[in-house]
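The values are calculated or read from the model by the stated rules, or taken from the named source; none is laboratory data. All of these numbers come straight from a predicted model, not from anything done at the bench. Here the Cβ positions follow ideal geometry from the backbone for every residue, glycine too, while neighbour counts run over all protein chains shown.
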Amino acid sequence: MQSIKSLELSAPAKLNLFLHVVGRRADGYHLLESVFVMVDLCDTIKLTARPDGDIRRTGDVIGAPEKDLCIKAANLLKSHTGCSFGADIDVIKRIPAGAGMGGGSSDAATTLMGLNALWDLRLSREELMALGAKLGADVPFFLLGTNAWVEGIGEKLTPLDLPEMQFDIIWPGVSQATVEIFSHPLLTRDTKSVKMSVFNGQRTAQDWMRLGHNDLETVVRLVSPEVNSLLGQRPQYRLTGSGSAVFRVIDSDSDRVSDKLPEKWQHFSVKSLKIHPTLSALSC
């Protein structure tokens, strides 16, 4: 094992500037088009090497430990490489669970990048992305490490150099299951594709938002009274992913939410990221 014994790394959230469902494959997977943007709301992942091969998860654990994506990521990496080392994986959660912001996928991606360095495995970015695809559709995006135009079931990624953006995010204190939304009979599944030509040239944050909408928003409002109430009160906001968080572009800090929110709601003011902070930290 190399001399590094522990790493403390960041796992950023993402927002979908828009999310279109443009079709469905024969196997049931939905075909999507979206722009994914990383933001500086981050979970913290601390990885400590273990010589005994055990994988242990500590910190904020949401749901059953055996379903935790960080554990799955570590075991997948061990299996793929034959690595004999283990790790303690401690997670401090700041990204709300079930908010449509990719928190679990981001944690898994950071775990893969971190353990690749900690265990001195030297897998390429492409190899890590191929492994990440086995864990979830959003994981390869975070391993790519830059903002992207996303197609297919999430596996087709085209890096985008987006201008810096500021966002207000509100989370209504409830989680939303993705499978419930994609299996709903009223989900729109035939939105017209966006042409790649629209991505040429510099655009403002508002320009990017006007390129589309979120096809999942109507269904989420039907199944979630909390999200429906939130968007009813704040129609200028847009759902991210399959929810339940909503966001809007702001021009400056003076545009941030200033009124008192209901007790369960959480507010975040964030900025976009151009490069994944863990990639910068590891220089990989």
message: Among the residues that make up the range 177-194, is at least one of them of a type in the set (Lys, Arg), in contact with a strand residue (DSSP E or B) (Cβ under 8 Å, 6 or more places away or on another chain) and farther than 16 Å from Lys14 by Cα?
response: yes
query: When you go through Cys42, Cys83 one by one, which is the residue that is in a loop (DSSP other than H, G, I, E, B), modelled with pLDDT of 95 or more and surrounded by 12 or more Cβ atoms within 10 Å (Cβ to Cβ)?
result: Cys83
query: Lys260 versus (1) under 15 Å from the mean Cα position of the chain (by Cα); (2) free of Cβ contacts under 8 Å to residues at least 24 places away in the same chain: which is the lone unmet condition?
result: (1)
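I'm trying to understand the selection: among the residues of the range 5-32, which are more than 17 Å from the chain's Cα centre (by Cα) and farther than 15 Å from Phe182 by Cα? Before you say what the answer is, go through the steps one by one.
Taking the range 5-32 as the starting set, the residues that turn out to be more than 17 Å from the chain's Cα centre (by Cα) are 5-8, 21-31.
Listed by number, the residues that qualify are Lys5, Ser6, Leu7, Glu8.
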- prompt: Is there a residue in the range 108-117 that is in a helix (DSSP H, G or I), without any contact (Cβ under 8 Å) to a residue 60 or more places away in the chain, in contact with a Cys (Cβ under 7 Å, 6 or more places away or on another chain) and not β-branched (Val, Ile, Thr)?
  reply: yes
Boolean, Phe18 is in contact with a Ser or Thr (Cβ under 8 Å, 6 or more places away or on another chain), touching a residue at least 40 places away in the same chain (Cβ under 8 Å) and either among the aromatic types (Phe, Trp, Tyr) or in a helix (DSSP H, G or I) (or both): yes
